Amino acid sequence: MLALFSAMIPVNVLFWVGVILMGGLSALGLYDFFQTRHTLWRNFPIVARIRWIAEELRPFFRSYIVESDTEGRPFNHEERAMVYRRAKDVSSVEPFGSQLDIDSPPYEWLSHSIAARHPKGGDPRVKVGAPGTAKPYEASVLNISAMSFGSLGSHAIEALNRGAAKGGFYHDTGEGGVSKYHRAGGGDLVWELGSGYFGCRASDGSFDPAKFADVAASDQVKMIEIKLSQGAKPGHGGVLPGNKVTAEIAEARGIPIGETCYSPAAHTAFSTPKQMMDFIAQLRELSGGKPVGIKLCVGNRWEVLALCKAMRQTGIMPDFVVVDGAEGGTGAAPAEFMDHIGAPLRQGLVLVRNALVGCDLKQHVCIAASGKQISAFSMAASMALGADWINTARGFMFSLGCIQSLNCHNNSCPTGIATTDAGRQRGLVIPDKAERVHNFHRNTIRALMEVVGAAGCEHPGELTPRHIMHRVTQDVAQPAHRAYNLLEPGVLISGAEDTHLAREWAMAQADSFAPLQID
């Protein structure tokens, strides 16, 4: 075959192809030899580039050839495949038994009931609205977590919103403001308000009430979410370089085109827990009575308890708290922040649940959980531990076609999702991907209701900590209320000194985020 192919090509053509190839390699070798930036290239021209190529292809080979189905990080192949299948509306069942190590901690399982049920309600909802909220919202139990326009391209944002509209769930805007692409699909929006106050930002970077009221008046905006911190980089501010502030991004964020924009690490509209409650009340009034909540990755435990003390003293409380786990985050972050700052979702969720339940506030304040929540069991486990609904970002990115190439931060996402490059976005066909977003939501909710039914329940809200068994050691497993030391209602008010949060409760104060000094 090779001889036949060679015979079909004139000898002079092959000669010149060889000349061009050798000439190109020679030029590359000379460049490597004389350049001064890369030592290996300088010492080993051409050959050393093999390492560079291998480094670029390493994530691909590791993911598709080296790793087993359950070894990959941040998401393994089994998890990604499950989302892809549900997004494509094909069966996601697996053969031949679990591949997980079920005999080692921290493996968990749901205790099913002999009297299992087949729940009739296929679209469970959660009513969000604390006392004094004029326009409560009926939220789905699975929604799109915060991803800003700019971090994601316009095609991805619009496809997500169209999918949300079709499935009747909400789309969190991320802190980059409400863009025209968020509005394009007509889906419900939760407007995330970060420390940069994008969309309601005054010229000096402070909060502008009039601008906020104008955006919040939109019927599409159903709730407001004050972002205190996020799982990827809690306690870290941000800088948006001027060369990235295009006309479209400037329009969404309310900032000048081409001008570098800074987001401080903390909010400037408030500086104490009580002031935060006043800010929540202000936003609720300016928005016409829409639910207002907060989002945080848990850090200092006394600060969470300080918020609860402020709620009780002022009588003002957020409608919801979104707990973002440190394992979450679609945005780029320094390795130290990504790996070692902030509480993982499970620990953060348990603390917020204990704080609200212990202060007898949980009946008024909903909890949402965010951070690697893509399967029906992970959703059910979080809801059994106190979450009322689940938000996921990367799960919906996978439904759009994300292949976890880990190029989210350099504008070269191969699937056209986490990039503003028009050429790469061309491959993301909005109607097709919107359908996949809807499919993933519908099929995951269906799987959740099957899990809920197996536990003998009709609604996810009926799940309790006792439904979840947590392996503590290879030989010992405990129900979640014991494994996580969950508090009883009102115990922080009536007898905090007898709880494991006694010291942090004594340190917490409603007038300051700083801890009281105690002996």
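The values are calculated or read from the model by the stated rules, or taken from the named source; none is laboratory data. Note that the structure is predicted; figures quoted are calculated from it, not measured. A quick note on method: Cβ atoms are made from the backbone with ideal geometry, for glycine too, and the neighbour counts reach across all protein chains shown. All accessible areas refer to the heavy atoms of the entire protein, side chains included, with ligands and DNA or RNA removed. Shrake-Rupley method; radii C 1.70, N 1.55, O 1.52, S 1.80 Å.
Specify the angular offset, from 0 to 90 degrees and rounded to the nearest 10, of the alpha carbon long axis of helix 301-314 from the longest principal axis of the alpha carbons in the chain.
It works out to around 50 degrees.
Hey, which of these cross-link pairs are over 29 Å Cα-Cα: Lys135/Lys180; Lys127/Lys227; Lys180/Lys433; Lys233/Lys309; Lys211/Lys372; Lys127/Lys309?
In this structure, Lys211/Lys372 lie more than 29 Å apart at Cα.
Would you work out if region 398-485 is rounded, prolate or oblate? Take a ≥ b ≥ c from the square roots of the eigenvalues of the alpha-carbon gyration tensor; rounded if a/c is under 1.5, else prolate when a/b is larger than b/c, oblate otherwise.
Here region 398-485 falls in the oblate category.
Take every DSSP beta bridge whose two residues both sit in the chain, then give the antiparallel share in percent to the nearest 5.
Numbers: 15 of 42 bridges.
That works out to approximately 35 percent antiparallel.
Ignoring everything except DSSP H segments at least 4 long, calculate the 222 nm mean residue ellipticity for the chain; use -39,500 (n - 2.57) per segment, divide by total residues, nearest 500. Please list the in-between numbers first.
Details: 20 runs with 202 residues, N = 519.
Calculated mean residue ellipticity at 222 nm is -11500 deg cm²/dmol.
Which net charge results for the neighbourhood of Gly395, defined as the other residues with beta-carbon distances under 11 angstrom from its beta-carbon, given Lys and Arg at +1 and Asp and Glu at -1? Spell out each step's value before the answer.
Values: positive: Arg80, Arg86, Lys372, Arg394; negative: Glu79.
Counting the neighbours of Gly395, the net charge comes to +3.
Alpha carbon centre of region 162-239 versus region 429-458: separation in Å?
Measuring centre to centre over Cα atoms gives 25 Å.
List the residues, sorted by chain then number, that are 5 or more residues from Ile367 or on another chain and whose placed amide H is less than 5 Å from its amide H.
Excluding prolines and chain starts, which carry no amide H, the hits are Val321, Asp388, Trp389.
Can you match Rg and Dmax of the Cα atoms in Å to one of these, (1) 25.8, 94; (2) 23.5, 80; (3) 22.7, 73, based on a calculation from the structure here?
(1)
Please find the FRET efficiency linking Ala134 to His364, where r is the Cβ-Cβ separation and R0 is fixed at 22 Å, and quote it to the nearest 0.05.
Rounded to the nearest 0.05, the efficiency is 0.90.
On average, how much accessible surface per residue is there in the chain, in Å², for a 1.4 Å probe, leaving out ligands, DNA and RNA?
Solvent-accessible surface per residue comes out at 47 Å².
Which length gain, in nm to one decimal place, applies between Ser405 and His459 when the Cα-Cα distance is subtracted from 0.36 nm times their residue separation?
Here the answer is 15.8 nm.
For the pair Glu259 and Ala27, what calculated FRET efficiency results from E = 1/(1 + (r/R0)^6), where r is the Cβ-Cβ distance and R0 = 30 Å, to the nearest 0.05?
0.15
I need the shape label for region 339-404. Rule: rounded when a/c is under 1.5, else prolate if a/b > b/c, else oblate, with a, b, c from the alpha carbon gyration tensor.
It is prolate, given that a/c is not under 1.5 and a/b is the larger ratio.
Straight-line reach from Lys120: which aspartates and glutamates fall under 17 Å, measuring Cα to Cα and dropping same-chain residues less than 8 apart?
Glu450, Glu458, Glu462
In terms of modelled amide H atoms, which long-range or inter-chain residues lie less than 5 Å from the amide H of Ala477?
It is Val472, by chain and number.
Could you give the size of the charge dipole of the chain about its Cα centre, using +1 on the Cβ of each K and R and -1 on the Cβ of each D and E, expressed in debye and rounded to the nearest 20?
880 debye
Relative to the longest principal axis of the chain, what angle (0 to 90°, nearest 10) does the C-alpha long axis of helix 77-87 take?
Helix 77-87 sits at roughly 80 degrees to that axis.
So, in nm, how far is label Arg312 from label Ser111 when the simple model puts each one 7 Å beyond its Cα toward the Cβ?
Modelled inter-label distance: 3.0 nm.
Which of the cysteines found in the chain have nothing to pair with, since no other Cys Cβ lies under 4.7 Å from theirs?
Among the cysteines of the chain, those whose Cβ sits 4.7 Å or more from every other are Cys200, Cys261, Cys297, Cys366, Cys402, Cys408, Cys413, Cys457.
How high is the relative contact order of the chain, in percent, counting Cα pairs under 8 Å that sit 6 or more residues apart?
Over the chain, the number comes to 19 percent.
Using the Cα centre as the reference, give the magnitude of the dipole from point charges on the C-beta atoms of region 371-519 (Lys, Arg: +1; Asp, Glu: -1; all else neutral), rounded to the nearest 20 debye.
Charge dipole, region 371-519, about its Cα centre: 880 debye, nearest 20.
What are the residues whose amide H is under 5 Å from the amide H of Lys227, where those residues sit 5 or more places off or on another chain and H is modelled from the backbone?
When sequence neighbours closer than 5 places are left aside, the close amide H contacts are Leu193, Gly194, Lys295.
Given the options Ser382, Pro273, Ala510, identify the residue whose Cα lies farthest towards the positive end of the charge dipole of the chain (+1 on Cβ of Lys, Arg; -1 on Cβ of Asp, Glu).
Value computed over the given set: Ser382.
Could you compute the net charge surrounding Gln404? Neighbours are other residues with a C-beta less than 12 Å from the C-beta of Gln404; K and R count +1, D and E count -1. The partial results should precede the final answer.
On the way: positive: Arg62, Arg73, Arg80, Arg394; negative: Glu67, Glu79.
Surrounding charge for Gln404 is +2.
On full extension of the chain, what length is gained from Asp123 through Trp52, given 0.36 nm per residue of separation minus the C-alpha to C-alpha distance?
Stretched fully, the Asp123-Trp52 segment lengthens by 20.6 nm.
How far is helix 273-286 tilted off the main Cα axis of the chain, in degrees rounded to 10, range 0 to 90?
Around 80 degrees separate the two axes.
Using a Förster radius of 22 Å, what is the FRET efficiency between Asp498 and Gln478 based on their Cβ-Cβ separation? Nearest 0.05, please.
Efficiency for this residue pair is about 0.60.
Expressed as a whole number of Å, what is the distance separating the alpha-carbon centroids of region 478-519 and region 10-38?
Taking the Cα centre of region 478-519 as reference, the centre of region 10-38 is 70 Å away.
Of all the accessible heavy-atom surface of the chain, with the other protein chains kept in place and a 1.4 Å probe, what percent is carbon and sulfur?
Working: 13840 of 24550 Å².
The value for the chain is 56 percent carbon and sulfur by accessible area.
Placing unit charges on C-beta atoms (Lys and Arg positive, Asp and Glu negative, everything else neutral), compute the dipole magnitude of region 184-268 about its Cα centre in debye, rounded to 20.
In total the dipole reaches around 280 debye.
So what J values fall out for region 213-221 if you push phi through Karplus, 6.51 cos²θ - 1.76 cosθ + 1.60 with θ = phi - 60°, rounded to Hz, Gly and Pro as x?
4, 5, 6, 5, 6, 4, 5, 6, 7
Be a star and scan region 184-213 for residues whose amide nitrogen sits under 17 Å from the point 7 Å along the Cα-to-Cβ vector of Glu285.
In region 184-213, the label zone of Glu285 (backbone N under 17 Å from the point 7 Å along Cα→Cβ) covers 207-213.
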